[in-house]
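Chemist: Structure in structure tokens, see below.
The values are calculated or read from the model by the stated rules, or taken from the named source; none is laboratory data. Just so it is clear, the model here is predicted, and its values are computed rather than measured. All Cβ positions, glycine included, derive from the backbone under ideal geometry; neighbour counts span all protein chains shown.
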């Protein structure tokens with residue numbers, strides 16, 4: 001005589017709609033591809049997608065915002081936000097370029113690993129400071145990382161003497177433009193980090209605690225999760241991802257620039273949100289963020305491809321962000337996952 | 001009740017006193033609790049119910065008096081310490097991560113980890129789900145198998161309550177403190193939680209049950225401890241008292 005504690009089966013009522021709501025970002029990506037493909041064929045008589053150059057360009061367009069978006073996904077799932085990633089990326093790019101500029105005449109082969117190490121270490125610092133401010137000193141993430149946005153920006157420009165820092169190093173050039181199995185090295189780097197972050201988020205305790213923290217902070221605390229340490233690590237990881245993005249930037253352009261990541265901050269947050277993460281925390285996936293970054297890249301590259309004024313990119317990406325948030329709102333209703341009571 | 005009375009109590013509080021500045025929130029409160037027994041804590045707002053359970057669950061440190069748990073004197077450092085010795089508190093807000101499934105909530109903070117390919121650490125979600133299903137089954141809680149994989153926010157209030165209780169039982173809670181477990185529920189679900197408490201009792205769990213609802217109290221309690229202004233106003237067996245008497249003890253006079 002087990003009592004049946006059945007909840008109202010809201011989710012079972014519209015299974016097809018619920019599926020659409022969760023799979024919409026995949027669907028949207030496909031629709032975009034079909035749209036540009038059709039346009040390209042009708043207007044120019046060429047293929048958009050079956051052209052390897054276009055595919056590679058889209059992947060390269062997506063790589064940098066995606067690298068920033070990987071760490072951002074963790075932070076947003078945990079209920080935070082990291083506004084500093086763009087300028088942390090720039091700072092890392094400048095530091096890497098500076099270190100390599102000095103070392104290249106002496107030891108060109110050694111300059112690359114030294115530059116990578118320097119960029120990585122420099123990127124962790126703002127992350128540790130962000131994490132400490134937010135976890136120990138209870139600064140709201142929006143404010144703490146906005147402060148770091150300014151600090152990293154200023155330090156980046158100071159380190160670069162206000163200009164770009166060029167590097168002439170064959171190893172760096174190879175890292176930025178070389179290919180392996182026909183695929184550019186920056187895409188391999190991004191892919192590797194995507195796989196690692198996906199595993200950590202979906203399979204490990206660390207990932208689980210990230211979701212728990214965004215779902216119910218008090219539950220996480222009462223479960224004995226070290227919430228302060230976890231928060232510190234989240235912002236450090238986010239900054240570390242920005243550091244990797246900075247390295248890739250410096251390699252691709254053989255130069256470091258403090259403003260390298262400036263336009264990428266919003267793209268990275270947009271990728272996470274379009275990928276299905278809620279800005280209130282508790283949901284999101286790495287796969288979603290990858291799709292989100294690809295959607296943005298397809299829009300940006302596709303609009304250039306069909307000769308639309310480049311400024312329409314901003315409009316299009318902005319509309320997609322708003323639509324994806326609207327879909328997120330309705331999804332909670334369709335799948336019965338609304339916070340009722 | 002009578003058979004429980006023959007053995008040593010699992011919990012014995014002796015002269016517990018807690019002061020906050022000049023205010024005495026709890027004054028010289030003593031009681032016993034046996035395995036398989038439900039003690040209801042009744043009292044008006046500010047009577048000291050919360051202070052009492054917080055002292056037993058390691059949140060507050062009593063200024064005077066002692067807590068004996070399984071015959072040994074217990075000085076609790078913090079709530080985690082209480083949980084480690086087998087005292088679990090289920091708060092009104094349940095402390096569930098709404099975005100995670102039942103298994104993940106039962107194991108939150110204590111997930112079993114296996115190594116994929118002998119190398120990569122991976123949470124064993126299948127083991128978590130099966131263990132969660134197992135504990136819910138022993139508690140005779142019926143949650144559809146496919147619901148076990150959904151975020152717990154898709155469960156009803158009573159089911160969520162059951163998940164919180166299941167978590168405590170899975171981790172071998174011997175004393176369960178339940179703070180207003182029926183307050184946020186509709187009437188049918190209240191009844192199910194009351195049934196669940198009866199079942200826990202039969203599984204020899206000792207329960208302290210806080211409620212404002214005299215009907216629930218009379219439905220589940222073996223004894224009722226009434227607090228008034230931090231002091232023990234009385235202790236009654238439901239069979240030997242009435243709602244009126246309990247209310248009188250609560251408000252005085």
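Chemist: Kindly indicate whether residue B:67 is more than 27 Å from residue B:163 (Cα to Cα), touching a helix residue (DSSP H, G or I) at 6+ places or on another chain (Cβ under 9 Å) and surrounded by fewer than 22 Cβ atoms within 10 Å (Cβ to Cβ).
Modeler: Numbers: more than 27 Å from residue B:163 (Cα to Cα): yes; touching a helix residue (DSSP H, G or I) at 6+ places or on another chain (Cβ under 9 Å): yes; surrounded by fewer than 22 Cβ atoms within 10 Å (Cβ to Cβ): yes.
In short, yes.
Chemist: A further question on this structure: Residue by residue through region A:158-172, note down the ones that are out of contact with any helix residue (DSSP H, G or I) (no Cβ under 8 Å at 6 or more places or on another chain) and either within 30 Å of residue A:77 (Cβ to Cβ) or in a helix (DSSP H, G or I) (or both).
Modeler: Passing the criteria: only A:158.
Chemist: Now for a separate question. Which condition number does residue A:285 fail, the rest of (1) surrounded by fewer than 22 Cβ atoms within 10 Å (Cβ to Cβ); (2) away from every other protein chain (no Cβ under 14 Å) being met?
Modeler: Going through (1) surrounded by fewer than 22 Cβ atoms within 10 Å (Cβ to Cβ); (2) away from every other protein chain (no Cβ under 14 Å) one by one, residue A:285 breaks only (2).
Chemist: So which residues in region A:202-213 are over 22 Å from residue B:79 (Cα atoms), more than 7 Å from chain B (Cβ to nearest Cβ) and crowded, with 22+ Cβ neighbours inside 10 Å, if there are any at all?
Modeler: A:210, the sole residue that qualifies.
Chemist: Given the criteria within 11 Å of chain A (Cβ to nearest Cβ), in a loop (DSSP other than H, G, I, E, B), under 19 Å from residue B:173 (Cα atoms) and at pLDDT 90 or above, does residue B:96 qualify? Show your work before the answer.
Modeler: Values: within 11 Å of chain A (Cβ to nearest Cβ): yes; in a loop (DSSP other than H, G, I, E, B): yes; under 19 Å from residue B:173 (Cα atoms): yes; at pLDDT 90 or above: yes.
Answer is yes for this residue.
Chemist: Further question on the same structure: Quick check on residue A:112: is it closer than 30 Å to residue B:114 by Cβ and surrounded by 17 or more Cβ atoms within 10 Å (Cβ to Cβ)? So that I can check it myself, show each step before the final result.
Modeler: Details: closer than 30 Å to residue B:114 by Cβ: no; surrounded by 17 or more Cβ atoms within 10 Å (Cβ to Cβ): yes.
Spelling it out, it is not the case that residue A:112 is closer than 30 Å to residue B:114 by Cβ and surrounded by 17 or more Cβ atoms within 10 Å (Cβ to Cβ).
Chemist: Taking into account only those residues within region A:219-273 that are at pLDDT 95 or above and within 14 Å of chain B (Cβ to nearest Cβ), which is nearest to residue B:109 (Cα to Cα)?
Modeler: This residue is A:230.
Chemist: Select from region B:115-132 the residues that are in a helix (DSSP H, G or I) and within 13 Å of another protein chain (Cβ to nearest Cβ) and list them in ascending order. Spell out the reasoning first.
Modeler: If we filter region B:115-132 for residues that are in a helix (DSSP H, G or I), which is where we start, we get B:125-132.
B:125, B:126, B:128, listed by residue number.
Chemist: So, restricting to helices (runs of 4 or more DSSP H) that lie completely within region A:1-116, which ones have at least 1 residues that are modelled with pLDDT of 85 or more, out of contact with any strand residue (DSSP E or B) (no Cβ under 6 Å at 6 or more places or on another chain) and more than 20 Å from residue A:294 (Cβ to Cβ)? Walk me through how you get there before you give the answer.
Modeler: Details: elements: A:10-13, A:15-44, A:52-77, A:85-103.
In region A:1-116, A:15-44, A:52-77, A:85-103 are the helices (runs of 4 or more DSSP H) which contain 1 or more residues that are modelled with pLDDT of 85 or more, out of contact with any strand residue (DSSP E or B) (no Cβ under 6 Å at 6 or more places or on another chain) and more than 20 Å from residue A:294 (Cβ to Cβ).
Chemist: Could you please let me know if residue B:112 is at the interface with another protein chain (Cβ under 7 Å from one of its Cβ atoms) and on the phi < 0 side of the Ramachandran plot?
Modeler: No; evaluated as a whole, the condition is false for this residue.
Chemist: Suppose we keep only residues that are more than 21 Å from the chain's Cα centre (by Cα) and assigned to a helix (DSSP H, G or I) within region B:133-148. Which one would you say is surrounded by the most Cβ atoms within 10 Å (Cβ to Cβ)?
Modeler: The residue in question is B:147.
Chemist: Which strands (runs of 3 or more DSSP E) does region B:150-253 wholly contain that include 2 or more residues that are at pLDDT 85 or above and within 12 Å of the chain's Cα centre (by Cα)? Spell out how you get there, then give the answer.
Modeler: Numbers: elements: B:175-179, B:206-210, B:223-228, B:231-236.
Qualifying strands (runs of 3 or more DSSP E): B:175-179, B:206-210.
Chemist: Test of understanding: among B:66, B:3, B:27, which residue is farther than 20 Å from residue B:170 by Cα, at pLDDT below 90 and either in a loop (DSSP other than H, G, I, E, B) or more than 15 Å from the chain's Cα centre (by Cα) (or both)?
Modeler: Values: B:66 fails: at pLDDT below 90; B:27 fails: at pLDDT below 90.
Criteria check complete, one pass: B:3.
Chemist: Would you mind stating whether residue A:166 is away from every other protein chain (no Cβ under 12 Å), over 30 Å from residue B:128 (Cα atoms), surrounded by fewer than 16 Cβ atoms within 10 Å (Cβ to Cβ) and touching a residue at least 12 places away in the same chain (Cβ under 8 Å)?
Modeler: Numbers: away from every other protein chain (no Cβ under 12 Å): yes; over 30 Å from residue B:128 (Cα atoms): yes; surrounded by fewer than 16 Cβ atoms within 10 Å (Cβ to Cβ): yes; touching a residue at least 12 places away in the same chain (Cβ under 8 Å): yes.
When the stated conditions are applied, residue A:166 passes them.
Residue-by-condition table, conditions (1) under 14 Å from residue B:171 (Cβ atoms); (2) free of Cβ contacts under 8 Å to residues at least 40 places away in the same chain:
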{"residue": "B:110", "(1), (2)": "yes, no"}
{"residue": "B:121", "(1), (2)": "no, yes"}
{"residue": "B:124", "(1), (2)": "no, yes"}
{"residue": "B:128", "(1), (2)": "yes, yes"}
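Chemist: Further question: Quick check, is residue B:76 in a strand (DSSP E or B) and over 27 Å from residue B:193 (Cα atoms)? I'd like the intermediate steps shown before the answer.
Modeler: On the way: in a strand (DSSP E or B): no; over 27 Å from residue B:193 (Cα atoms): yes.
No.
Chemist: For a quick check of your reading of the model, give me the residue pairs whose first member lies in region B:21-37 and is within 11 Å of residue B:11 (Cβ to Cβ), whose second is at pLDDT 90 or above and part of a strand (DSSP E or B), with beta-carbon atoms closer than 6 Å and at least 6 apart or on different chains.
Modeler: Short answer, once both residue conditions are applied: B:31/B:13; B:31/B:225; B:32/B:12; B:33/B:11; B:33/B:39; B:33/B:206; B:35/B:206; B:37/B:206.
Chemist: Considering only residues of region B:99-109 that are facing another protein chain (nearest Cβ under 7 Å) and crowded, with 19+ Cβ neighbours inside 10 Å, which is nearest to residue B:135 (Cα to Cα)? Reasoning before the result, please.
Modeler: Keep residues of region B:99-109 that are facing another protein chain (nearest Cβ under 7 Å), which gives B:99-100, B:104, B:108-109.
Okay, now just the ones that are also crowded, with 19+ Cβ neighbours inside 10 Å, so B:99-100, B:104, B:108.
On the way: B:99: 21, B:100: 17, B:104: 13, B:108: 15 Å.
Restricting to residues being facing another protein chain (nearest Cβ under 7 Å) and crowded, with 19+ Cβ neighbours inside 10 Å, the top hit is B:104.
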